[in-house]
Amino acid sequence: MSAEDTISDAAGAMSADRFVEISYDDIIPNNVALGADKQLQRALETWRPNYLGWWNNMGPLGYQTSDVYLRTAVGVDPGGWAKFGFVQMPSYRWGILLAPKVEGRTIPFGRHKGEPAWQEVPGEHRALLRRLIVVQGDTEPASVEQQRFLGATAPSLYDMRNLFQVNVEEGRHLWAMVYLLVKYFGKDGREEAQALLERQSGQMDNPRILGAFNERTPDWLSFFMFTFFTDRDGKMQLAALAESGFDPLSRTCRFMLTEEAHHMFVGETGVQRTIEATCAAMVKAGVKDPHDVEAVRKLGVVDLPLLQRKANFHASVTRDLFGSEISSNAAEAFSAGIKGRFNEANLKGDDHVLTDATYPVTRVVDGKLVVEQAPALRALNARLLDDFIVDCQGGIDRWNRSIEKAGIDFKFTQPHKGFNRRIGEFAGARISPAGEALTEEEWKANSGDWLPNDADMQFISSLMKPCHEPGKFASWIAPPRVGVNNQPGDFEYVKIA
Ligand SMILES: [Fe+2]
Ligand SMILES: [Fe+2]
């Protein structure tokens, strides 16, 4: 069955659903009645070939004519929103899907709290709202660009398929933001939509907006760490925007979160499977000391201290994405009702306006770390970062359980908030993973133990040999416990053409 058939089947099956009026007949599948707004439809159809041009030039290198077993969003009903089938990536149906409208929804926070949610852009907050949508939109194609070269070294067809799934969904997230820009921001929005295709990750003259999205993702360990940490920043930001008083943004982000969960799953289980392969090889060879790096690397697996250094790097670079801990922009976005806190509407214990509230923020004062009570409104980035760190811990605990089960004495920890930071309270300070303020000399003497060093990166790159045979996996990574959509272990997820 072709991808087209699969999808029109799904559209047929979904049409009875009371939530969903999704149109897959349109060039751009959507549940926003695009056909009824000819001007918007034309603007998006004009942007589409530029998007496809970007995908072909900057998206996954190679494999564009291979059939890939992908999930396509076909609706927004939590029980049946996706359909699996073989698709060639350039034919993926990138659609515009918003979570269902909640009747009577009110703005849950800020100075407009309790007023009906906005269905149109509030004029006074137009510039701020546009900026937030552009910054979010910019991260989506950036990560596809960063991951462009990974297909060739995929450790299995299962992993290759997961990479491409993440890539097409980041493409869909770009569509989601572009829809908002083009529909609600007129000519400015159309220009921003074009600029989103022109900035390029890591490019000197016209880079992506945020630092972490200009870093390289040179290998699969980086990819798994990226999807564990950096896609989780995406989750936190989307969750904060899902609380927005601007209802179309809220509904867009709510649906994007469904897909984001899978990206973090790919990251968490990717690292977990790497750990499992390491522990299994160590046990089999009788290597007890996880710090006996030479003995472990000889087994063709990644030593655990190296994984800790990779985690330190990706955690710290991702934390910079939250921006300055103390931020008047964040205060304004909150008071204006544009961007809430994580889980805002369900938070108990304050008034959701925060005029008089405080929040503890760790700062560097005279070379020492101190915790100060800051006005809660200005400390919203600090709070979202703290929520992120808590959210990371669940996955890290699961990693540690695998190591414990194998009887190996090693435990992953998150580095201190101030470790290796370039933005915010800790920029310019030297803080160890344990949270001690250091001199520049102390930092230089030790940072090679805390962050991936040249030898680490060379070793990782030596492991990046493709394994493209169905059911087979590279030495350094264990097979998954379950296949995608319960497919058997030897399923051919990518039919390499
Ligand atoms: Fe995304
Ligand atoms: Fe993502």
Item checked: Single unsatisfied condition, G114 versus (1) surrounded by fewer than 20 Cβ atoms within 10 Å (Cβ to Cβ); (2) away from ligand 2 (no atom under 16 Å from the Cβ); (3) in a helix (DSSP H, G or I) -> (3)
Next item on the list: Residues that are more than 16 Å from ligand 1 (Cβ to nearest atom) and of a type in the set (D, E, K, R): find the helices (runs of 4 or more DSSP H) completely inside segment 235-354 holding 3 or more of those.
Entry: 247-285, 293-298, 304-319
Next item on the list: Could you please tell me which pairs satisfy a Cβ distance under 7 Å, a separation of 6+ or placement on different chains, a first residue in segment 148-173 that is closer than 14 Å to P479 by Cα, and a second residue that is within 16 Å of ligand 1 (Cβ to nearest atom)?
Entry: A154/L163; N162/V266
Item checked: Of the criteria (1) of a type outside the set (G, A, S); (2) crowded, with 22+ Cβ neighbours inside 10 Å; (3) within 25 Å of the chain's Cα centre (by Cα), which one K183 fails -> (2)
Margin query: If I go through segment 53-62 residue by residue, how many of them are outside any loop (DSSP other than H, G, I, E, B) and buried (at least 16 other Cβ atoms within 10 Å of the Cβ)?
Written below: 3
Next item on the list: Could you please give the count of residues in segment 434-472 that are part of a helix (DSSP H, G or I) and charged (D, E, K, R)?
Entry: 7
Next item on the list: Note down all Cβ pairs under 8 Å where the first residue falls in segment 129-145 and is farther than 22 Å from N329 by Cα and assigned to a helix (DSSP H, G or I), the second is away from ligand 2 (no atom under 16 Å from the Cβ) and of a type in the set (S, T, N, Q), and they're at least six residues apart or on different chains.
Entry: A142/N214; E145/Q200
Note to self: Just to be sure I understand, how many residues within segment 261-293 are of a type in the set (K, R) and buried (at least 16 other Cβ atoms within 10 Å of the Cβ)?
What the structure shows: 1
Next item on the list: Confirm whether A379 is in contact with a helix residue (DSSP H, G or I) (Cβ under 9 Å, 6 or more places away or on another chain), modelled with pLDDT of 95 or more and crowded, with 16+ Cβ neighbours inside 10 Å.
Entry: yes
Margin query: Quick check on segment 212-234: of everything there that is among the acidic types (D, E) and more than 16 Å from ligand 1 (Cβ to nearest atom), which residue is farthest from R273 (Cα to Cα)?
Written below: E215
Check: Scanning for something surrounded by 14 or more Cβ atoms within 10 Å (Cβ to Cβ), in contact with a strand residue (DSSP E or B) (Cβ under 8 Å, 6 or more places away or on another chain), at pLDDT 95 or above and more than 30 Å from H468 (Cα to Cα), does segment 87-105 turn up at least one residue?
Finding: yes
Check: Pick from G79, G35: which is surrounded by fewer than 19 Cβ atoms within 10 Å (Cβ to Cβ), out of contact with any helix residue (DSSP H, G or I) (no Cβ under 9 Å at 6 or more places or on another chain) and either assigned to a strand (DSSP E or B) or of a type in the set (G, A, S) (or both)?
Finding: G79
Checklist line | Out of L181, L210, L238, L257, sole residue that is away from ligand 2 (no atom under 12 Å from the Cβ) and within 23 Å of N30 (Cβ to Cβ) | finding: L181
Check: Among (1) among the hydrophobic types (A, V, I, L, M, F, W, C); (2) surrounded by fewer than 20 Cβ atoms within 10 Å (Cβ to Cβ); (3) away from ligand 1 (no atom under 16 Å from the Cβ), which single condition is I209 missing?
Finding: (3)
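The values are calculated or read from the model by the stated rules, or taken from the named source; none is laboratory data. Just so you know, these numbers come straight off a predicted model, no measurement behind them. Because the Cβ atoms are built from the backbone with ideal geometry, glycine has one as well, and the counts that use them run over all protein chains shown.
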